[in-house]
Each structure stands twice: as C-alpha cells, then as structure tokens.
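Asker: Submitted below is the structure of interest, expressed as structure tokens.
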Amino acid sequence: MSIAEKAFLGSLMKAEYLLKDTVIHPEQLESLLHRTIMRKIIELNQAGKGIDLISLTTLPDLDTFGGMSYFSELLSYADVEKFDATEKLILDLWKEREKRSILRLATLSDWEIAKVITELDKINQLKMEDHTSLQQALSNIYEAPWEDQLASKSVTTGIGELDEMIGGFQGGEVTILAARPSMGKTDVMLHFAKTAGWAGYLPLVFSLEMPEKLITSRLMASTGGFNRAKMRDPKRMLNQSQKDKWSDVIGNLGQTNMQIFDGAGQTIAEMRAKTRKLMHQFPYKKPILFIDYLTLITSSQVYGGNSHQQVTEISKSLKTMAKDFDCPVICLAQLNRSVESRADKRPMMSDIRESGSVEQDADVILFLYRDRYYNKESQNNSLEIIVSKNRNGQVGTVEVNYSEKTGAILG
C-alpha cells in the first residue's frame, strides 16, 4: 500500500490538529482500507474522541482496520514536518487516477471533446500551489516601466479614527467588510493588508476572484500614486519622475512580506493549511488573514444548493479559524441589490447576502459608501466606512479620502 498514504494517516494520528487543516478527503486515498480508516478518524474527531494510537486500539471493531499492529505501523510512518509535501503527493496521484478514469468514461460513452476538456480542467483547478509572495510578484514587475508589455496586540487599520472606534483588528476576531460592487472594497482591504505588513504582521491575502498580477498592480498604483489606467503599460504611460519612484515603491511594498493566494474556490481547510505552513516559515510574525470574498469560498458540503446553510457553515468556520490561530480574519462580502431601491443607499445589515449567520458570527461589520458613486456630479471624494456592528466598542461612521484613479486611501 502507498507509503505516502501511510505517512499521511500516521501524521494525523500523531498530530490531531492536522485533521482540521488537511485538504485531503477520504475518497482521494487509493487504498480502500485507508479510506475506511480516515472516515473513522473523522467520525471520532467530530464526536470529540481522541485519534491517537491508544484511543484507536480500543475500537470494538479493531480488526476491520487491520488491528493494533497496523495502527502502530501507520504511526511509524508519521512525519509531521513533511505533511504538506505528503498531502501534495497524494493529491497529485489522485488527480492522475481521476484523469485516467475520465478518459476511460469518455471513450466508453463517446463524449464530445469539449466535455472531456471541461472535466479535465475541473481536476486541474484543484491545487494547493496558488501562492505568490508579494516580494516575488514585485520582482516580476520590477522592470515594467522600461519593458514592452506582453499583450494578540491589535493590528492597526492605518486609519486613526477607525482604530479609535474598533480598537484595530484583534486576534481571534472576524471582521466583515461589505459593500456593493465598485465601492472600493478591494482597495480598502489592500490598504489594511499593507498597513498591517508595515506594522510587522504577516498579511495573507486569499483572493478568490482577482488574480495576483492585478492585486500587485493595484498595490503599486495605490502606494506609488500611479493612475491605475497607466499600469497597463508603465513603459509608455508613466512619466520619468514616476519611473524614478518605481523601485522605491517596490522596496516599500516588499517590506510588508504580504503573501497572495489566488486560487479560485478555495475551502477553509485549504486556507488553514496554507496559513499554518506560512506560520512555520515566519515564526516571529503574527498572521492576519484577508479573504476576497465570502460567497466565493467553497463549503465542505453542498447542502443541496441551500446557500443559506453554505454561508452559515463558512461563517462559523471563519470564526473558528480566527480563534484557533488567534489572528484577525477580514472577509469581504457582497451586498444584495435591495440597497439600490432605497432613497438612502447607505448599506444596512439586512443587505448582506444570507445575512443572519454573518451578522451573528462577525465581531465587527464595516460597510462602505461613496456618495460620488451614485451622484456623478458630486465633488465629494470621501469614502464612508460605516461601523455597523462592533462587539467590543462603539458604532459610527469614519470618513476617509479615496482616490478612484489610484485606489489610495488617506485616513
């Protein structure tokens, strides 16, 4: 039987916390016995029982799982330090088996080539290696202005008045940042992220919609004061003084140590695994998590398409993750269209999609509102950050200056 699978199961027995973080499902193991063992381990864990060697050897149906000697053998293969690599190997082997299975089925059922490609793409999209450090991303665009473009201390928000109101971002707390599209959610999130990085924290950005290159471009524009439209072709569109400033902006952003994960449809388990991995790499930095955005997170179950139950699960999982890692979690959320039908278009709690569980689980809820978005003639460039819920303090509104052209936030 697969040594990788033995090492995987042994590591789960040795370090029970890994069960919460693993992205592997029992069905992805090749051995039928190993699938049965993993299902039993999950069942025991969910019932609040131990999954160590002593606990497992007291099972009444011990022989079904290979007996005490097999559990001892699994434990002998355990290697917690190499757990990430073991997971990746198991996932890669599962993908190969799935691809072969799809091709066999396609041959038997005479599928159209388009359907075959779609099914294979679904397998390929499942990945753990969607990670780019901002330093790496910035090095990739270092020469862009000269190149032709190919077609439990709280964490400061960087906005003094908002810090006074909510006390900064606290470890173990979930903050929901919600607004209608094009209101500036991503720009505010990136402002929070880079400010946290400069303050010595480790910002982990899970971008489920926007690719890393666009995030890096936005960070450069807002930090350097570059018009975003010019970022499409820095060589041609930036003036000389902006080009002279370019490397300094890269140097400043590199100091944030920001990490970017831009895989679509990530699960909470995947985010936990990636967070724990980065915490090992940066042992002296406290992480702060940013997720863009709530309803793009893949839930662990389908719930028959019931979006309310899916959001409830995700909302509770975010809170658990914040508490387990004792770090702040800031998650973006879309508002439903009901806000557009009101005379006063400032958001309310009921405007959050599937708002019940989110309102209950979040410690802080921030809404964004820009008058200029709805009134094009307005000369008001301010962005209102509305503190609608604050479990540990006051609510109210903070106004900041917001540049639509660069995405810069000035508190």
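Asker: In terms of Cα to Cα distance under 25 Å, which lysines are near enough to Lys14, apart from those fewer than 8 places away along the same chain?
Answerer: Straight-distance partners of Lys14: Lys6, Lys40, Lys49, Lys82, Lys88, Lys274, Lys277, Lys323.
Asker: Considering the values [x] 1.01; [y] 0.99; [z] 1.37, which represents Rg/Rh (Cα atoms, Kirkwood Rh) as calculated for the structure under consideration?
Answerer: Checked against the structure: label [x].
Asker: At 222 nm, what helix-only mean residue ellipticity would the chain give, in deg cm²/dmol to the nearest 500, using -39500 (n - 2.57) for each DSSP H run of four or more?
Answerer: -14000 deg cm²/dmol
Asker: In nm, what is the difference between 0.36 nm times the number of residues separating His25 and Lys115 and their Cα-Cα distance?
Answerer: 29.9 nm
Asker: For segment 257-321, state which chymotrypsin sites (Phe, Trp or Tyr not before Pro) are in a DSSP loop and have at most 16 other beta carbons lying within 10 Å of their beta carbon.
Answerer: Here the sparse-neighbourhood loop sites are Tyr284.
Asker: What aspartates and glutamates could a cross-link reach from Lys389, if we take a straight Cα to Cα line under 13 Å and drop same-chain neighbours fewer than 8 places away?
Answerer: Hits, sequence-local ones excluded: Glu173, Glu359, Asp361, Asp363.
Asker: Along the charge dipole of segment 166-240, which of Ala179, Asn239, Ile166 sits closest to the positive end, that is, farthest toward it, with unit charges on the beta carbon of Lys, Arg, Asp and Glu (+1, +1, -1, -1)?
Answerer: Asn239
Asker: Could you sort the peptides 386-393, 362-369 by per-residue average Cβ neighbour count (10 Å cutoff), highest mean leading?
Answerer: Most protected by this proxy first, the peptides run 362-369, 386-393.
Asker: Additional query: Order by neighbour count: Thr406, Thr107, fewest other Cβ atoms within 10 Å first, most last.
Answerer: In increasing order of surrounding Cβ atoms, one gets Thr107, Thr406.
Asker: What FRET efficiency comes out for Asp63 versus Glu377 if R0 is 56 angstrom and r is the Cβ-Cβ distance? Round to the nearest 0.05.
Answerer: Step by step, r from the Cβ atoms, then E = 0.10.
Asker: While we're here: Taking the Cα centre of the chain as origin, sum charge times position over the Cβ atoms of Lys and Arg (+1) and Asp and Glu (-1), and report the length of that vector in debye to the nearest 20.
Answerer: Once rounded to the nearest 20, the dipole reads 600 debye.
Asker: Would you list His191, His280 from fewest to most Cβ contacts within 10 Å?
Answerer: His280, His191
Bear in mind that the values in this text are calculations on the coordinates, not laboratory data. Since the structure is predicted, the reported quantities are computational estimates derived from the model, not experimental observations. For neighbour counting, all protein chains shown are included, and Cβ atoms are generated from backbone atoms with ideal geometry for every residue, glycine included.
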